[in-house]
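Presented below is the structure to which this report refers.
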Amino acid sequence: GGLSVAAMPQIEYGGWLSNREMGGDFILGAIDRLKTDFAQRSLAFHYLPFGAPVDWLARVPELGGVRVWSEPHRRPVLQLDDPARIRAALNKKSNKSRFNRLKRMGEVEILRLHTRADLEPVLESMKAYCDLRQGAVNGSCPFSDDSRKEAFHLAMLDRPEGVYCTAMLVGGRLAALLYGVRNPDSVSIALLVISPFFSRHSPGKFLVYETALMLAEDGVKFLDITPGGDPWKDRFADSYDSLLDLRLDFKAAPSAAERGMKAGVDLLRHTLRRIGVSPERVQYFMGRLRRIRPRHVVAFADRLRRRVWETREARIYSVDAREFAVGDLDTTCARDRVQDLLAYSASEQWRPREGFLRDACAKLERGEHVYTHVDSGRLLHYGWMLEEQDKSWFPEIGTHYEYPKGSAVLYEFFTEPAARGRGLYKKSMRRMLADLAANESVEQVYISVDAANLPSRAAIESVGFHYRDSLVRRVRWGSVDITCGATGP
């Protein structure tokens with residue numbers, strides 16, 4: 001019952017095919033037919049290709065029953081007529097420094113991927129890195145959410161004249177991948193995938209510029225960075241042109257009541273903005289109100305109680321990194337496997353998937369490590385490790401704790417309620433300690449736990465940690481006292 005431009009949402013631009021001599025006659029005739037067969041529907045072109053005829057838009061009102069919504073967008077473009085300018089950007093001091101850091105991590109290779117056989121060795125990494133970043137930024141995981149997308153990208157490479165794909169490998173691992181669609185005189189970026197493990201050193205920037213140099217040698221005139229407003233796109237663009245985001249609504253002219261309602265909504269939006277409140281903020285709070293449940297009221301009352309009277313203790317444990325006996329480790333515990341993070345499901349309402357992936361992506365980019373257990377396509381357990389840490393902030397206590405030099409920290413463990421009691425917490429701690437025992441720069445390993453969490457305390461002690469300190473927060477009628485020191489068993 002709906003309308004969609006062919007191949008959406010895989011395509012960046014949507015349009016139609018007609019003889020040039022027909023001008024706007026074909027699309028106007030098509031719209032006149034569509035408004036009858038698809039009343040109360042819409043047809044959108046996100047975005048209309050640059051250079052597509054738009055003069056026919058002025059004649060749409062003559063059709064009646066069609067409302068036009070259009071918004072101009074800038075298309076960022078990197079011109080390829082002067083390769084020396086691109087090489088100069090690559091040779092900037094800051095870029096050379098980043099590139100040298102990449103080289104210290106392993107041999108750097110820039111590859112052109114011509115066929116599906118070329119793409120397949122890095123396909124799983126490409127999918128995982130793309131889904132992690134898109135899930136963190138946009139709340140959608142393109143490859144996980146659409147089982148056909150992988151086959152689509154591979155099939156495109158069966159017609160290599162229509163695709164331009166490059167990759168950067170560091171030490172044999174995928175650092176960045178550019179998947180572009182080739183046009184007669186340009187290439188449009190469809191995917192720019194960046195590994196979170198190398199992102200601190202800007203591999204995407206190097207790959208875009210190196211790809212631009214390859215394209216210039218092939219006689220391509222410009223690299224279409226595509227619209228969308230992502231800040232990274234403006235870093236590469238040296239020119240812009242304009243195109244339209246266009247939507248056609250097929251419905252009768254609004255009634256007097258609809259016009260009155262729209263005028264009222266517009267007035268309310270204007271008033272809110274005048275007093276500094278955005279309509280989006282109002283929508284956010286209204287959505288929060290609709291989601292309030294009895295348990296939220298109970299949680300609020302508990303937070304209020306803790307502001308008046310509370311005693312809370314965080315117990316800190318440590319172990320010598322060389323003291324841990326490696327032994328046999330559970331091989332089901334994986335380290336830094338991004339695919340496992342994508343198997344996360346928000347079984348507890350406090351942690352939606354988008355927020356989890358955003359947090360995980362930021363941690364991996366900072367150089368932290370995650371240990372995971374997945375079963376039947378579901379993330380059952382995870383925990384994080386910092387190999388170098390000088391202090392940590394304890395928000396539930398309201399203070400910092402400082403560690404001696406050469407300290408690693410294990411933190412933020414979570415096990416799905418249905419998977420508790422299976423020893424996953426112990427297995428991941430043992431795997432972490434085994435990895436840290438091989439790191440000569442680590443001398444002590446620290447972990448903390450709420451003193452009231454007796455099962456976690458028992459698990460921590462059973463793998464070899466020793467109690468060291470406590471951070472205690474006492475609240476008495478609003479007065480807060482924070483102390484640090486051992487409090488006994």
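The values are calculated or read from the model by the stated rules, or taken from the named source; none is laboratory data. The structure presented is a predicted model; accordingly, all values stated were derived computationally and were not measured. When we count neighbours, we look across all protein chains shown, and the Cβ atoms used for this are built from the backbone with ideal geometry, even at glycine. Note: accessible area is taken over every heavy atom of the protein model, side chains too, but ligands, DNA and RNA are not part of it. Shrake-Rupley method; radii C 1.70, N 1.55, O 1.52, S 1.80 Å.
Other residues within the sphere of radius under 13 Å centred on the Cβ of GLU440, judged by their own Cβ, net out at -3 (K and R +1, D and E -1). Taking a straight line from the alpha carbon of LYS96, these lysines sit under 18 Å away, with near neighbours fewer than eight places off in the same chain left out: LYS205. Rolling a 1.4 Å probe over the heavy atoms of the protein chains gives segment 360-452 an accessible area of 44 Å² per residue. Net charge near SER199: determine it from the other residues with C-beta under 10 Å of the C-beta of SER199, scoring Lys and Arg +1 and Asp and Glu -1. Counting the neighbours of SER199, the net charge comes to +2. Surface composition of the chain: carbon plus sulfur atoms hold 52% of the accessible area, using a 1.4 angstrom probe and ignoring ligands, DNA and RNA.
Taking other residues whose beta carbon is less than 13 angstrom from the beta carbon of PRO9, and scoring Lys, Arg as +1 and Asp, Glu as -1, yields -1. Rounded, prolate or oblate: which one fits segment 120-211, using the alpha carbon gyration tensor with axes a ≥ b ≥ c (rounded when a/c is under 1.5, else prolate when a/b beats b/c, else oblate)? Oblate is the answer for segment 120-211, as a/c is 1.5 or above yet b/c matches or exceeds a/b. Calculated accessible area for segment 150-281 comes out at 47 Å² per residue, all protein chains present (probe 1.4 Å; ligands, DNA, RNA ignored). With a cut-off of 20 Å on the backbone N, the residues of segment 61-76 near the modelled label site 7 Å out from ASP25 along Cα-Cβ are 61-64. Return the FRET efficiency for the residue pair LYS251, ARG173: r is the Cβ-Cβ distance, R0 is 56 Å, and the value is rounded to the nearest 0.05. Taking R0 as 56 Å, the efficiency between LYS251 and ARG173 is 0.60.
Entry note, the chain: relative contact order of 17 percent, from Cα contacts under 8 Å with a spacing of 6+ residues.
Note on mean projected area of the Cα convex hull in nm²: of the candidates (i) 22.6; (ii) 28.0; (iii) 31.1, the value calculated from this structure sits at (iii). Rolling a 1.4 Å probe over the heavy atoms of the protein chains gives segment 1-88 an accessible area of 62 Å² per residue. Taking LYS35 as the anchor, which lysines have their alpha carbon closer than 27 Å to its alpha carbon, excluding any fewer than eight residues away along the same chain? The reachable lysines, counting only those whose Cα sits under 27 Å from LYS35, are LYS251, LYS262.
Separation of segment 179-215 and segment 444-489, taken as the distance between their Cα centroids, equals 48 angstrom.
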